[in-house]
Amino acid sequence: MWRGGGHGEDDLLASCYRSVFAIVAAHDDIRSIAFPSISTGVYGLPIERASCIALREMLDFLAGNDSVEEVIACCYSAHDLRVYQAALAEISASRHAGQHESL
């Protein structure tokens, strides 16, 4: 539940994704998984914040797992989709820039 951002909400949401991915990783036969925009509805977590957390956890999991082929972020509305697309672009650009800095 969103309480202003100073009560560990980010860590709790990231932990939720990691917990699911730990279960998925234990099963070699799971090829895809879908997530709704967790905590952005009735719990009130701002979608701009939640989308970045969700996508970072998804990308980190995919980078270290060869058996899962697809992770789907299910968006409730066109607005939510645009927020997720913008977050993905920002994360991708940041990661790409970080790769160049380490060269």
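The values are calculated or read from the model by the stated rules, or taken from the named source; none is laboratory data. Owing to the predicted nature of the structure, the values given are computational and were not obtained by experimental measurement. Positions of Cβ are backbone-derived with ideal geometry, glycine not excepted, and every protein chain shown enters the neighbour counts.
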Are there any pairs, at least 6 apart or on different chains, whose C-beta atoms fall under 7 Å, with the first in the stretch 40-59 and among the β-branched types (Val, Ile, Thr) and the second in a loop (DSSP other than H, G, I, E, B) and surrounded by fewer than 21 Cβ atoms within 10 Å (Cβ to Cβ), and if so, which? ILE47/SER37
Quick check on the stretch 54-103: of everything there that is within 21 Å of SER32 (Cα to Cα) and among the β-branched types (Val, Ile, Thr), which residue is surrounded by the fewest Cβ atoms within 10 Å (Cβ to Cβ)? ILE72
Quick one: count up the residues across the stretch 20-53 that are over 18 Å from ILE72 (Cβ atoms) and either hydrophobic (A, V, I, L, M, F, W, C) or surrounded by fewer than 16 Cβ atoms within 10 Å (Cβ to Cβ) (or both). 9
Neighbours by Cβ (under 8 Å, 6+ apart or cross-chain): first from the stretch 13-28, closer than 12 Å to ASP60 by Cβ; second among the small types (Gly, Ala, Ser) and in a helix (DSSP H, G or I): TYR17/ALA54
Identify all residues within the stretch 27-46 that are of a type in the set (A, V, I, L, M, F, W, C) and modelled with pLDDT under 95; write none if there are none. ILE38, VAL42, LEU45
